[in-house]
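Worksheet: the structure to be examined is printed underneath.
The values are calculated or read from the model by the stated rules, or taken from the named source; none is laboratory data. The model shown is predicted, which means the values in this text are computed figures rather than measured ones. Please note: Cβ atoms are built from the backbone with ideal geometry, for glycine as well, and neighbour counts cover all protein chains shown. We work out accessible area using only protein heavy atoms, side chains counted, and drop any ligands, DNA or RNA first. Shrake-Rupley method; radii C 1.70, N 1.55, O 1.52, S 1.80 Å.
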Amino acid sequence: MNTKPESQSLAAWVEETREGIDSGRFPVRAFNDQAVYDLEQERLFSKTWCFLAHESEIPHPGDYVTRYIGNNNLIVARDEHGEIHANLNMCRHRGNVMCKAEMGNASHFRCSYHGWTYKNSGELVGVPYMKEGYEGRLKRKDWGLVGVRVDSYEGLVFGCLDPEAPPLDEYLGGFQFYLDLYLKHGLGGVEVHGPPDHWIADTDWKICTENFAGDGYHTPVAHQWGFHLGYFPSSGSTHSQGWAVSIPGKGHGIGLGHGPNFPPFGGFPDDLVAEMKQSLSPEQVEVFSRTRTAVGSVFPNLSFLMQPFSLEPGEIGVRFVTMRLYHPVGPGRMEMYSWCLVPKNASQEYKKEAYRAYTLAFGQAGTFEQDDFENWTKVTQAAGMTMVRDVDFPYIMGMDSAPDPEFPGPGHAVVPYVNDTNFRNLWSRWADYLAGEV
Amino acid sequence: MGEQPVDRDTASEIQEFMFREALALDERRFRDWLAMLTDDIRYEAPLRVIREGLAVWDLSPTSRIFDDDRQTLEVRIQRLETDFAWAEQPPSQTRHFVTNVLADPGDNPDEYEVRSNCLIYRSRGTSPTPSLYSLSRKDVVRRTEDGWRLARRWAAFDQALINAHNLSILI
Ligand code: FES
Ligand SMILES: [Fe+2]
């Protein structure tokens, strides 16, 4: 073990970490450390585009959900004109919480302390004793709720605390091509099946982001039961086949696992496949028709997974899509939000079937989910040990893999699917933010 | 629910069945537990959502933590019988505390609707911090030729944000 002087500053540690990533090393400490957590709050979550909600969660005027960016609690509401706003969930008068529920519908928010009232867009409209107390000195337009930039892609609503940050489109940087795999199911797109599963775990959010950025390597071991009993339509020995695609300099990544002999778009109903061929580009069809499992992360903490699950061993089964947000609540601790996305135009039967496959596999009692979190909490525990403070993990898989010249999609696509390329890209983007370079 | 109250003998038989069913889970006799279920079992736990006081629902009409039938419960048990159910290696220690058992006549002559409270204590490995789950249950039990069987488990967690890294136990 090589020990470094205790006096090493955080800035020096970040610099060293950045250099290490290029040579395929990443420090254990990053996954459970108060100083790293604080720096993430200050430099990462205050600058990135962070996922807030799916539009289908707030379909009607007045619908709202409360969500977080970093440690900031936000009200994400659809106003009376249908426009979506994100405002800090804090009264401008003395700071009381405006919405104490996780979701609801309201045209106005009225503070329970002194009664200031805001429209659901955040505009201050009512101040008790306005004339008597403020004698004309208070201008309502100066004291609305603190707003946050919002933008959306295909129903995904993101917020950004930094007014100077580049637009969402640029931030996603071509990853939209892959997001469409989860979002353009039929011509109607997707909707949430209901409110998200919600639980808290002693796990660092980054472990989940990394796993979902395409960790095909863990599947045959961590989820061996599925292969063993035949409920997961793949085989351990062929599991490495497919592409790992990352968007250089952006941090996003996706693993596109192939199943030899797996039929094109297998596990989707036929009418949906026909519609998908219309809603997707020919390049997307070429890539996605071969994809059995797609697991991807939008930097920093939003992920998606699409895979078939079969209740009849050996059969193709049904495809489900889960979207998950890893909300950091402390070093080595997070709140998990997990949604099931279903094709809006599909039959109720198919939606129900896909949802049941999701709960059995990836809800909070899901049989795949259970094992992932068992592993991730242990990794987090280990990362908090003092002895490993200066120890690195190897990120050298696929170090020299050249991009596949035949691949029709954007980004850096490498084979095999079992590869650390996406993770190196992810951590180098993370380190750029922590170094204050973004 | 019917008009007739449930007679004492039936009520106490039902209560004993509920206790034996919980015991099978805590003793990890999962095959015995499966045998206590009807073939048409519905096993559901709706998701709790924190909404304003006057909201029409606080248990999601569509989202479920468990959404199982006989086939999927078999999958869960088969999984636990493999060497790869990492979430339960080592196994959780669970204790189901079932109280306030109230039986009422159900929709069919042989069925009873059983309300109960259930507190599950769960500890993992050497961790000194257990998980506690408090649930309200509305089950349906059926009298069959082979004895009592569970035909429906409906259990709602009394917490919206579950404080556990996973739910690899049965409720
Ligand atoms: S704190 Fe909200 S009105 Fe005073
Ligand atoms: Fe996994």
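For A:TYR182, state whether it is within 16 Å of ligand 2 (Cβ to nearest atom), touching a strand residue (DSSP E or B) at 6+ places or on another chain (Cβ under 8 Å) and farther than 30 Å from A:ALA35 by Cα.
no
Select from region A:313-346 the residues that are in contact with a Leu (Cβ under 7 Å, 6 or more places away or on another chain) and of a type in the set (Ser, Thr, Tyr) and write down the one among them that is surrounded by the fewest Cβ atoms within 10 Å (Cβ to Cβ).
Going through the qualifying residues, I end up with A:TYR337.
A:GLY147 - would you say it is in contact with a strand residue (DSSP E or B) (Cβ under 7 Å, 6 or more places away or on another chain) and of a type outside the set (Val, Ile, Thr)? Walk me through how you get there before you give the answer.
On the way: in contact with a strand residue (DSSP E or B) (Cβ under 7 Å, 6 or more places away or on another chain): yes; of a type outside the set (Val, Ile, Thr): yes.
Considered against the rule, which asks whether it is in contact with a strand residue (DSSP E or B) (Cβ under 7 Å, 6 or more places away or on another chain) and of a type outside the set (Val, Ile, Thr), A:GLY147 comes out as yes.
Just to check your reading of the model, which residue among A:ASN120, A:ASN89, A:ASN105 is under 33 Å from the mean Cα position of the chain (by Cα), polar (S, T, N, Q) and within 13 Å of ligand 1 (Cβ to nearest atom)?
Result of the check over A:ASN120, A:ASN89, A:ASN105: A:ASN89.
For A:GLY115, work out the one condition from (1) over 24 Å from B:SER63 (Cβ atoms); (2) in a strand (DSSP E or B) it doesn't fulfil.
The one condition A:GLY115 does not meet is (2).
Residue-by-condition table, conditions (1) touching a residue at least 12 places away in the same chain (Cβ under 8 Å); (2) within 15 Å of ligand 2 (Cβ to nearest atom); (3) touching a His at 6+ places or on another chain (Cβ under 9 Å); (4) open to solvent by less than 10 Å² (accessible area, probe 1.4 Å):
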residue: A:GLY186; (1), (2), (3), (4): yes, no, no, yes
residue: A:VAL190; (1), (2), (3), (4): yes, no, yes, no
residue: A:GLY216; (1), (2), (3), (4): yes, yes, yes, yes
residue: A:PRO220; (1), (2), (3), (4): yes, yes, yes, no
residue: A:GLY249; (1), (2), (3), (4): yes, no, no, no
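Restricting the search to region A:388-402, which residues are open to solvent by 40 Å² or more (accessible area, probe 1.4 Å) and either modelled with pLDDT of 95 or more or in contact with an Asp or Glu (Cβ under 6 Å, 6 or more places away or on another chain) (or both)?
A:VAL391, A:ASP392, A:PHE393, A:PRO394, A:ILE396, A:MET397
Taking B:ALA11 and the conditions (1) in contact (Cβ under 8 Å) with a residue 24 or more places away in the chain; (2) open to solvent by 90 Å² or more (accessible area, probe 1.4 Å), which numbered condition does it fall short on, given that it satisfies the others?
(2) is the only condition that B:ALA11 fails.
Condition first: under 21 Å from B:ASP158 (Cα atoms), in a loop (DSSP other than H, G, I, E, B) and open to solvent by 20 Å² or more (accessible area, probe 1.4 Å). Can you find one or more residues in region B:100-122 that meet it?
Looking through region B:100-122, none of the residues is under 21 Å from B:ASP158 (Cα atoms), in a loop (DSSP other than H, G, I, E, B) and open to solvent by 20 Å² or more (accessible area, probe 1.4 Å).
Yes/no per residue for (1) within 16 Å of ligand 1 (Cβ to nearest atom); (2) at positive phi; (3) not in a loop (DSSP other than H, G, I, E, B):
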| residue | (1), (2), (3) |
| --- | --- |
| A:ASP215 | no, no, no |
| A:VAL221 | no, no, yes |
| A:HIS228 | no, no, yes |
| A:PHE232 | no, no, no |
| A:ALA244 | no, no, yes |
| A:PRO248 | no, no, no |
| A:GLY251 | no, yes, no |
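Output the residue which, of all residues in region A:193-210 that are within 15 Å of ligand 2 (Cβ to nearest atom) and open to solvent by 10 Å² or more (accessible area, probe 1.4 Å), is farthest from the other protein chains (Cβ to nearest Cβ).
Taking the candidates together, the pick is A:GLU210.
Which one is farthest from the other protein chains (Cβ to nearest Cβ), of the residues in region B:135-160 that are within 30 Å of A:GLN381 (Cα to Cα) and open to solvent by 50 Å² or more (accessible area, probe 1.4 Å)?
Looking at residues that are within 30 Å of A:GLN381 (Cα to Cα) and open to solvent by 50 Å² or more (accessible area, probe 1.4 Å), I get B:ASP158.
Quick one: is A:PRO328 away from every other protein chain (no Cβ under 14 Å), touching a strand residue (DSSP E or B) at 6+ places or on another chain (Cβ under 6 Å) and closer than 27 Å to A:PRO27 by Cα?
Judged against the criteria, A:PRO328 is a match.
Considering only residues of region B:58-67 that are facing another protein chain (nearest Cβ under 8 Å) and under 21 Å from A:ALA101 (Cα atoms), which is surrounded by the fewest Cβ atoms within 10 Å (Cβ to Cβ)?
Only one residue tops the list, namely B:PRO61.
Name the single residue that is farthest from the other protein chains (Cβ to nearest Cβ) among those in region B:68-82 being open to solvent by 10 Å² or more (accessible area, probe 1.4 Å) and in contact (Cβ under 8 Å) with a residue 24 or more places away in the chain.
So in region B:68-82, the residues open to solvent by 10 Å² or more (accessible area, probe 1.4 Å) come out as B:69-71, B:74, B:76, B:78, B:80-82.
From what is left, the residues that are in contact (Cβ under 8 Å) with a residue 24 or more places away in the chain are B:69-70, B:74, B:76, B:80-81.
On the way: B:ASP69: 8, B:ARG70: 11, B:GLU74: 9, B:ARG76: 7, B:LEU80: 9, B:GLU81: 9 Å.
Within region B:68-82, the match that is farthest from the other protein chains (Cβ to nearest Cβ) is B:ARG70.
Looking for whichever is of a type in the set (A, V, I, L, M), over 29 Å from A:LYS100 (Cβ atoms) and within 14 Å of chain A (Cβ to nearest Cβ) here; the options are B:ALA55, B:ALA45, B:ALA85. Which one fits?
Within the list B:ALA55, B:ALA45, B:ALA85, the selection yields B:ALA85.
Small (Gly, Ala, Ser) and open to solvent by 20 Å² or more (accessible area, probe 1.4 Å) - does that describe any residue in region A:404-420?
Narrowing region A:404-420 to residues small (Gly, Ala, Ser): A:409, A:411, A:413.
With the extra rule that they be open to solvent by 20 Å² or more (accessible area, probe 1.4 Å), the set shrinks to A:411.
Within region A:404-420, one or more residues are small (Gly, Ala, Ser) and open to solvent by 20 Å² or more (accessible area, probe 1.4 Å).
Please verify whether A:GLY62 is away from ligand 2 (no atom under 16 Å from the Cβ), within 14 Å of another protein chain (Cβ to nearest Cβ) and not hydroxyl-bearing (Ser, Thr, Tyr), treating the condition exactly as stated.
Yes; evaluated as a whole, the condition is true for this residue.
In region A:361-415, how many residues are within 16 Å of ligand 2 (Cβ to nearest atom), more than 8 Å from every other protein chain (Cβ to nearest Cβ) and without any contact (Cβ under 8 Å) to a residue 40 or more places away in the chain?
So the count comes out to 2.
Residues being in a loop (DSSP other than H, G, I, E, B), open to solvent by 50 Å² or more (accessible area, probe 1.4 Å) and closer than 20 Å to A:GLU83 by Cα: count how many of those fall in region A:125-167.
5
A:GLY230 versus (1) away from ligand 2 (no atom under 15 Å from the Cβ); (2) within 25 Å of B:ASP83 (Cβ to Cβ); (3) of a type in the set (Gly, Ala, Ser); (4) away from chain B (no Cβ under 14 Å): which is the lone unmet condition?
Condition (4) is where A:GLY230 drops out.
Regarding A:ASN96, is this residue open to solvent by 60 Å² or more (accessible area, probe 1.4 Å), touching a His at 6+ places or on another chain (Cβ under 9 Å), more than 16 Å from ligand 2 (Cβ to nearest atom) and polar (S, T, N, Q)? It would help to see each step written out before you state the result.
Values: open to solvent by 60 Å² or more (accessible area, probe 1.4 Å): no; touching a His at 6+ places or on another chain (Cβ under 9 Å): yes; more than 16 Å from ligand 2 (Cβ to nearest atom): yes; polar (S, T, N, Q): yes.
Spelling it out, it is not the case that A:ASN96 is open to solvent by 60 Å² or more (accessible area, probe 1.4 Å), touching a His at 6+ places or on another chain (Cβ under 9 Å), more than 16 Å from ligand 2 (Cβ to nearest atom) and polar (S, T, N, Q).
Run down A:ALA274, A:ALA294 and say which single residue is within 16 Å of ligand 2 (Cβ to nearest atom) and hydrophobic (A, V, I, L, M, F, W, C).
On inspection, the qualifying residue turns out to be A:ALA294.
Anything in region A:100-122 that is crowded, with 17+ Cβ neighbours inside 10 Å, in contact with an Asp or Glu (Cβ under 9 Å, 6 or more places away or on another chain) and either over 23 Å from A:SER56 (Cβ atoms) or away from chain B (no Cβ under 14 Å) (or both)? List them, or say none.
Scanning region A:100-122 gives A:LYS119, A:SER121, A:GLY122.
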